[in-house]
Amino acid sequence: MSIKVAVLVGSLRKDSFNRRLAHAVEKLAPDELAFEHVAIGDLPLYDQDLDGNYPVPWTAMKQQIQAADALLFVTPEYNRSVPGVLKNAIDIASRPYGTNAFAGKPGAVIGASIGSTGSALAQQHLRNVLAYLDVPLLGQPEVFVQFKDDGPVDADGNITVDSTRKFLQGFVDRYVAWVHAILQR
Ligand code: FNR
C-alpha cells in the first residue's frame, strides 16, 4: 500500500533551493512513498477570531495534511528561524485547539541555505514547534545542505555531487524505516 507523504517547503521562490532538495529526496525514495506538495503561499494569515468559521483555503490545506500518512518539512532559514509562510501554515493546520492535523504522523525536517550552516538554526526552531505538535521526528541524520547556483542539486532535482547523493540516500533510507516503524506497517 502506498504511503502518502505531505511535503511542506518553506520557500515560495520559483527557483527555491529547498524545493530542489525536496525533489532530489523524492527521486531517491522507493515507489511506495507518494509525495504531495502542500501549497502554502496563498493562505490568509492565521487569525484566531476565525476558529469558529475556518476559511475554505485553511480547511482544504488542513485536510490535505490530515489525509497524509507522513510528513516532510524542507525549510530555508530566514533571519535564523523558520520563514513566516511556513509557520503560518503550521499554525493553521494545528488549530482550532484539539484538532491538530499533524499529531502522531511520522516526520522529518531537512533544509538548505546559501550559508554554510545549511538552515540548521531554522531546523532547530522547527523541531521545537513540531515536538509540541506531537510529530514523531526522525532525529538523525540531520540534513543541512549548502547550495550554490551550480549544485549540489540542479533545477530538475538531479544531484550533481556524488557525496551528496550518498548522504541523501542514507537520509531517505532512515526516513523510510522511521515512517514504517511509526506506522507499524
Ligand atoms: C536569508 N538567508 C539566510 N541564510 C542563512 O543561512 N541564514 C539566515 O538567517 C538567512 N536569512 C535570510 C533572510 C531572508 C529574509 C532571506 C530572503 C534570505 C539566505 C537564504 O539561505 C537563501 O535566500 C536561500 O536561497 C533561501 O532558500 P530558497 O528560497 O532557495 O529555498
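Per-structure values
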{"item": "Per residue convex hull volume, Cα atoms of segment 95-185, in Å³", "result": "123"}
{"item": "Formal net charge of residues neighbouring PHE73 (Cβ-Cβ distance under 12 Å; K, R +1; D, E -1)", "result": "+3"}
{"item": "Folded to 0 to 90 degrees: helix 56-67 orientation relative to the chain principal axis, Cα", "result": "60"}
{"item": "Residue (of LEU50, SER163, HIS23) at the positive-pole extreme of the chain, dipole from beta-carbon charges", "result": "SER163"}
{"item": "Helix 17-28 axis, angle to the chain major axis (alpha carbon atoms, nearest 10°)", "result": "70"}
{"item": "Net charge dipole size for segment 3-183 [Lys, Arg +1 and Asp, Glu -1 on Cβ; Debye, nearest 20]", "result": "240"}
{"item": "Count of lysine pairs in the chain with Cα separation under 19 Å (8 or more residues apart, or interchain)", "result": "9"}
{"item": "Total formal charge among the other residues, if their Cβ is under 15 angstrom from that of VAL153, Lys/Arg +1 and Asp/Glu -1", "result": "0"}
{"item": "Angle in degrees between helix 120-132 and the longest Cα principal axis of the chain, rounded to the nearest 10", "result": "40"}
{"item": "For segment 1-78 and segment 126-185, distance of Cα centres in Å", "result": "15"}
{"item": "Charge context of ALA34, other residues only, Cβ under 10 angstrom, K/R +1, D/E -1", "result": "-4"}
{"item": "Computed over segment 58-101: relative contact order in percent, which uses C-alpha pairs under 8 Å that are six or more apart", "result": "46"}
{"item": "Qualifying trypsin sites (Lys or Arg not before Pro) in segment 75-148, DSSP loop, other Cβ atoms within 10 Å at most 16", "result": "ARG80"}
{"item": "Kirkwood Rh and Cα Rg combined as Rg over Rh, evaluated for the chain", "result": "0.95"}
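A short reminder: the numbers here are calculations on the coordinates, not readings from a lab. None of the values given here were measured: they were computed from a predicted structure. So basically every Cβ, Gly included, is an ideal-geometry build from the backbone, and we count neighbours across all protein chains shown.
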